[in-house]
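First up is the structure itself, then whatever we jot down about it.
The values are calculated or read from the model by the stated rules, or taken from the named source; none is laboratory data. Just so it is clear, the model here is predicted, and its values are computed rather than measured. In this analysis, Cβ positions are derived from the backbone assuming ideal geometry, glycine residues included, and neighbour counts consider all displayed protein chains. SASA here: full protein model, heavy atoms, side chains in, ligands and nucleic acids out. Shrake-Rupley method; radii C 1.70, N 1.55, O 1.52, S 1.80 Å.
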Number of protein chains: 2
Amino acid sequence: MMLVLGHTNPDCDSLAGSISLSAFLTKRDGKTVTPIMQGEPNAEGLFLLEQAGLACPEIRTSIAGEEVWIIDYSDFNQAPKDARQATIRGIVDHHKLGDFETDEQLEAWIWPCGCSNTIVYNMYKINNIDIDQKVAVMMLGAILSDTVHFNSPTCTQIDIDAAHELAKIAGIDDIDAFVTAQFAAKSDIAAVPSEELILRDLKVYTIGNKDFSIAQIEITNIDLALSRKAELQSELVKYKAEHGYHTALVLLTDITNLNSVALIESEESALVAETLGGTFVDELIDLPNVVSRKKQVLPPLQTQFK
Amino acid sequence: MMLVLGHTNPDCDSLAGSISLSAFLTKRDGKTVTPIMQGEPNAEGLFLLEQAGLACPEIRTSIAGEEVWIIDYSDFNQAPKDARQATIRGIVDHHKLGDFETDEQLEAWIWPCGCSNTIVYNMYKINNIDIDQKVAVMMLGAILSDTVHFNSPTCTQIDIDAAHELAKIAGIDDIDAFVTAQFAAKSDIAAVPSEELILRDLKVYTIGNKDFSIAQIEITNIDLALSRKAELQSELVKYKAEHGYHTALVLLTDITNLNSVALIESEESALVAETLGGTFVDELIDLPNVVSRKKQVLPPLQTQFK
């Protein structure tokens, strides 16, 4: 059986991508391809599943001996622990190229755009394969999420074009209303424990010989998260100590006003803050106009600490 | 300036690919993209350049500080020595995924087909960009070479389809006559020193902790090469000793009758021979129906020595 799986801490692109790419491969290759996830969807993902009327993919964290397609990453640290015992048959991604290697030929579609589902949309189009209405809802939601409704510097024209075509297929006339509801679902963090919040969308990067964890919490009202600052900071201290990282960073990103604030726990907090162009005050820095971890936060850290 | 470069020991796919992908990117992205090669073309490559009426790309072995697209490989051991100081912007390949990693987003088209130029052909087609007649000659020649005129087990239907479309654009009515002349040029080894012959199309693979060099000489008449067996064997002994490899292997592939014979120098010659399904007699093994290094020679070695 062929599986399609996204990364750890699954976001909307991983969730929607496992579904959309499985459906594509099933139609194109004429065999059963099954979406799986490495953990529960977040609130935004659950909103999309509900809007689409689709069930959540099976959750699995072991893939030894399986044939797999990977979506939205290409490095082992975001894969299941036994991924080296699986056979990677394909990759769809929009990030830098990671440390995956294969023993056999594979099929890889890696484009410098804002969302993996934009690439999957183009794979359907290039192969003249129809996208199911429910699948289109998921794909649209993934693009709106990854591009912060086309506002992220990662967003390209092909993301915008794909989203508008997908909205037609999904039967969604008003993208603005759809995204407002989607982002409201994402921002409803009142019931989410702080421990879970700081892990929700967390990625670990090794720069030089130092490990940096960078989590991102995207919400429509940043004060809602800042009202829990002490609690979040205390979880961050605990998390950093447990993993022995050089830096543990949480971006609180205001997806209405397109700004971020960062909580920093680091061996070199002031240097990290300065590298990101902010001043470290009260364990926080302001990051005006920053919404993209990949394009605006990671590159300066890579340059500074390489 | 953006460069496109193929692998060391450039074959027709690397030569044609540096030209065809540069021309594609120049047209698509509206900026100057320049083909380069890591060494002189082989006799088959020179035949294609002459048929197309094109000049040989510039030969360069240093790319530090440059932005590059890579064609026909994805591992540092086939790249210029200073490739880690270059920025990889894109990859087009039809092999397993190697050890390339990048710091930034890139564009990768890696398909499990018989030739990189088949993928480049599809990139033109998907983007509705016209292929120049001269470039089409090169691309057709690359596909015919890599697929041994559609006879290699690496050949897929998309390679065959691309070749026929390219023949139309190239204005070549009789593919059979074209490939006969191309393979005759490739087989004209009388003037090529044995030292050069065993390096002509040589790749090095690390399996477990052992290094295997596998060269391939494709000719229309295998007896022509076997008449120089002693000379080739002696160069092989020298080459293996210089590099300290576990195994140095030369495949002599008869591209008319679709068979190979292998010369083996190895720490474990009998085991290598047995792994490839042959018996080691007189420093040679017969490999009936073997024409593909990638699909028929490398996999059993990987399984045995991993």
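Results, tabulated for the structure shown:
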{"quantity": "Residue-wise HN-Hα coupling along segment B:42-51, computed from phi with Karplus coefficients 6.51, -1.76, 1.60 (Hz; x: Gly, Pro)", "calculated": "7, 4, 5, x, 5, 4, 5, 4, 5, 4"}
{"quantity": "Cα-based equivalent ellipsoid of the protein assembly as shown: semi-axis lengths in Å, sorted from largest, via gyration tensor", "calculated": "48, 26, 22"}
{"quantity": "q = 0.18, 0.22, 0.27, 0.28 Å⁻¹, segment A:98-146: log10 I(q)/I(0) [Debye, one scatterer per Cα]", "calculated": "-0.69, -0.88, -1.05, -1.08"}
{"quantity": "5 angstrom amide H check on B:ALA108, placed H, neighbours 5+ away", "calculated": "A:ILE110, A:TRP111, B:ILE91"}
{"quantity": "Loss of accessible area when B meets A, both sides summed, Å² nearest 100, probe 1.4 Å", "calculated": "2300 Å²"}
{"quantity": "Residues whose placed amide H lies under 5 Å from that of B:VAL33, excluding near-sequence neighbours", "calculated": "B:THR26"}
{"quantity": "Overall Cα dimensions of segment B:39-185, principal axis frame, Å, largest first", "calculated": "46, 30, 29"}
{"quantity": "Exam field: B:ASP188 pseudo-label spacings to other copies (7 Å along Cα-Cβ), nanometres", "calculated": "7.6"}
{"quantity": "Kirkwood Rh and Cα Rg combined as Rg over Rh, evaluated for segment A:130-280", "calculated": "1.03"}
{"quantity": "Dipole magnitude of segment B:194-305 about its Cα centre (Cβ charges: Lys, Arg +1; Asp, Glu -1), debye to nearest 20", "calculated": "380 debye"}
{"quantity": "Mean Cα-pair separation over length for segment B:22-150, i.e. relative contact order, pairs under 8 Å, 6 or more apart, %", "calculated": "21 percent"}
{"quantity": "Value in Å of the Kirkwood radius, where segment B:159-227 supplies the Cα pairs that are averaged", "calculated": "14.8 Å"}
{"quantity": "Residue-wise HN-Hα coupling along segment A:24-29, computed from phi with Karplus coefficients 6.51, -1.76, 1.60 (Hz; x: Gly, Pro)", "calculated": "4, 5, 4, 6, 5, 9"}
{"quantity": "Whole-Å semi-axes of the ellipsoid equivalent to segment A:145-195 (Cα gyration tensor, √5λ, descending)", "calculated": "25, 15, 8"}
{"quantity": "Rounded Å value of the spacing that divides the Cα centres of segment A:241-306 and segment A:98-159", "calculated": "27 Å"}
{"quantity": "Shape metrics for segment A:106-219, restricted to C-alpha atoms - Rg then Dmax, Å", "calculated": "16.2, 49"}
{"quantity": "Karplus-derived 3J(HN,Hα), 6.51/-1.76/1.60, for each residue of segment A:103-111, Hz, glycine and proline x", "calculated": "8, 10, 4, 9, 10, 10, 10, 10, 10"}
{"quantity": "Cα gyration tensor shape for segment B:36-109, rounded if a/c is under 1.5, else prolate or oblate", "calculated": "prolate"}
{"quantity": "Antiparallel bridge percentage (DSSP; both residues within segment A:194-305; nearest 5)", "calculated": "70 percent"}
{"quantity": "Rg to Rh, two decimals, where segment A:229-276 supplies the alpha carbon set and Rh follows Kirkwood", "calculated": "1.01"}
{"quantity": "For chain B, the spread of Cα positions along each principal axis, largest first, Å", "calculated": "57, 46, 33"}
{"quantity": "Shielding by partners, peptide B:88-95 (average Cβ within 10 angstrom, other chains)", "calculated": "2"}
{"quantity": "Global size of segment B:1-58 as Cα Rg and Dmax, reported in angstrom", "calculated": "11.0, 33"}
{"quantity": "Alpha-carbon spread of segment A:243-306, three principal axes, descending order, Å", "calculated": "33, 25, 22"}
{"quantity": "Candidate residues B:GLU66, B:GLU44, B:GLU274: accessible-area rank, largest first, probe 1.4 Å", "calculated": "B:GLU274, B:GLU66, B:GLU44"}
{"quantity": "Cα gyration tensor shape of segment B:196-306, rounded if a/c is under 1.5, else prolate or oblate by comparing a/b with b/c", "calculated": "oblate"}
{"quantity": "Exam field: A:SER234 pseudo-label spacings to other copies (7 Å along Cα-Cβ), nanometres", "calculated": "8.2"}
{"quantity": "Cβ-vector label at 7 Å, B:THR61, separations to other copies in nm", "calculated": "5.0"}
